[in-house]
1. Pairs, please: C-beta under 6 Å, at least 6 apart or cross-chain, first residue in the same structural domain as THR68 (by the TED database) and in segment 141-162, second among the acidic types (Asp, Glu)?
2. Taking segment 354-394 as the region of interest, how many residues are assigned to a loop (DSSP other than H, G, I, E, B) and more than 25 Å from LEU217 (Cα to Cα)?
3. Mind checking which residues of segment 284-308 are over 15 Å from VAL356 (Cα atoms), in a helix (DSSP H, G or I) and of a type outside the set (D, E, K, R)?
4. Can you find a residue that is within 21 Å of ALA228 (Cβ to Cβ) and either assigned by the TED database to the domain that holds VAL114 or among the small types (Gly, Ala, Ser) (or both) anywhere in segment 11-27?
5. Checking ARG19 against (1) more than 23 Å from PRO277 (Cβ to Cβ); (2) open to solvent by 10 Å² or more (accessible area, probe 1.4 Å); (3) in a helix (DSSP H, G or I); (4) of a type in the set (D, E, K, R), which test does it fail?
6. Residue by residue through segment 224-248, note down the ones that are open to solvent by less than 10 Å² (accessible area, probe 1.4 Å) and in a helix (DSSP H, G or I).
Amino acid sequence: MLDESLLDAPEALARADVRGLLRGAAESGARVRTAARYAAEAGVADLKPDGRPRSVLVAGPGAAGSCTADLLGALSGTNCPVSLIAPTGVAPAPGALRWTLPGWAGPLDLLLLVTPDGAEPGLPPLVEQAYRRGCSIVAVAPADSPLAGAVEQARGLMVPLAAGPDNNSAPYDTAPPAPAGTPQAEGQHTEPTGTAQDEVTGPALPGTLWALLTPLLVLVDRIGLVAAPPSALMQVADRLDQVAERCGPAVATYTNPAKALAAELAGSLPLLWTEGPVAAAAGRRFASLLALLAGRPALVAELPGALAAHGTLLAGSLAGGADPDDFFRDRVEEAEALRARVVLLYDEQVSALSAVPTARELALAHDTALSELEPGGGGVLENAAELLAITDFTAVYLALASTERS
């Protein structure tokens with residue numbers, strides 16, 4: 001169950017947010033600016049590559065690796081294959097994970113390592129494998145981590161991770177925009193400092209993704225895979241700040257897109273239907289955050305295939321109009337039935353070739369509730385930032401206002 005009254009109680013939300021999730025989501029724009037500066041100081045912007053790599057391989061623990069690889073692959077399109085090196089191990093704990101290069105990897109390939117910790121014992125051996133095979137190596141990790149030392153020893157490029165709030169490393173270029181209504185918003189902004197190892201947020205949580213992804217966007221811009229010049233990254237940071245203002249805890253639910261979506265998803269099984277590669281990556285991340293933060297399942301599928309893949313769900317007991325029993329019976333003592341809710345995410349305006357209108361018609365035909373997250377205009381990176389930011393805030397609000405988790 002969702003305590004909707006909590007959504008419009010900023011003080012109560014702040015008390016419930018013991019992990020600083022709202023703060024992490026709100027500071028994403030600041031982390032983009034800081035990470036871009038760190039990348040420039042590391043020399044990424046000065047690289048003069050001879051050409052594109054044959055392939056890009058991404059490795060990292062949990063969502064640090066999977067979300068980064070997913071988004072880079074979506075943004076690069078057909079320019080170059082981007083593959084995740086999936087870890088193996090007896091448990092998901094970072095200390096138990098091991099990574100192995102594919103047998104074909106060699107001097108024509110680029111290895112990217114991303115981690116908010118840098119102490120995973122399985123990553124330095126991967127660096128050694130890549131060095132022996134002649135792969136180019138780039139890492140984003142805490143500056144004083146074991147991984148940083150391994151990358152420098154292998155003559156790779158190391159970019160320090162832009163730390164989160166309440167830490168002790170280099171400060172942000174600009175103070176992050178505190179959500180309206182929080183104590184930070186009432187006074188003067190201060191610049192947080194700290195080491196990433198002490199960070200309370202994990203690799204999949206709001207804010208951390210942008211600290212990992214931004215230096216890699218600078219890199220792939222230099223090698224011609226994605227158009228991400230400095231001006232575009234500043235526009236991304238600005239868009240993230242704008243979403244943080246719109247989705248802050250003091251903004252009422254009826255004008256707050258993240259709170260509104262959280263309230264709509266209460267008691268439902270979200271069917272996340274996406275159109276476009278960036279929206280697909282955002283949908284998969286949204287589903288993982290719903291599970292990780294709020295303990296809620298969600299099903300993700302890309303249009304138009306989603307219409308067939310989930311069509312039977314809409315025709316069954318999860319459909320909005322599925323209630324064969326007496327409508328007038330007393331339901332006070334009954335648990336609320338779980339209903340499907342279609343959430344449409346797309347990264348470009350709807351065109352004549354889009355499956356979005358058909359998806360709307362299918363949901364309507366089965367009396368299934370429908371929510372939409374459409375692009376706000378601008379470039380691909382800005383639209384991606386907006387989709388990721390709104391869904392980040394939505395997952396956080398669902399986690400904080402869920403009565404079974406309070």
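The values are calculated or read from the model by the stated rules, or taken from the named source; none is laboratory data. None of these values were measured; they are calculated from a predicted model. Because the Cβ atoms are built from the backbone with ideal geometry, glycine has one as well, and the counts that use them run over all protein chains shown. The area values use the complete protein model at the heavy-atom level, side chains included, leaving out ligands, DNA and RNA. Shrake-Rupley method; radii C 1.70, N 1.55, O 1.52, S 1.80 Å.
1. From residues that are in the same structural domain as THR68 (by the TED database), the pairs are MET158/GLU152.
2. Number of matching residues: 5.
3. PHE286, ALA287, SER288, LEU289, LEU290, ALA291, LEU292, LEU293, ALA294
4. Yes, some residue in segment 11-27 is within 21 Å of ALA228 (Cβ to Cβ) and either assigned by the TED database to the domain that holds VAL114 or among the small types (Gly, Ala, Ser) (or both).
5. Exception for ARG19: condition (3).
6. Hits for segment 224-248 are LEU233, VAL236, ALA237, LEU240, VAL243, ALA244.
The rows are residues; the columns are (1) at pLDDT below 95; (2) surrounded by fewer than 21 Cβ atoms within 10 Å (Cβ to Cβ).
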| position | (1), (2) |
| --- | --- |
| MET1 | yes, yes |
| ASP8 | yes, yes |
| ARG15 | yes, yes |
| GLY24 | yes, no |
| ARG31 | no, no |
| TYR38 | no, no |
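Every residue, every condition in (1) at pLDDT 80 or above; (2) more than 28 Å from ALA244 (Cα to Cα), yes or no:
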position	(1), (2)
ARG133	yes, yes
PRO142	yes, no
ARG155	yes, yes
ALA162	yes, no
ASN168	no, no
ALA178	no, no
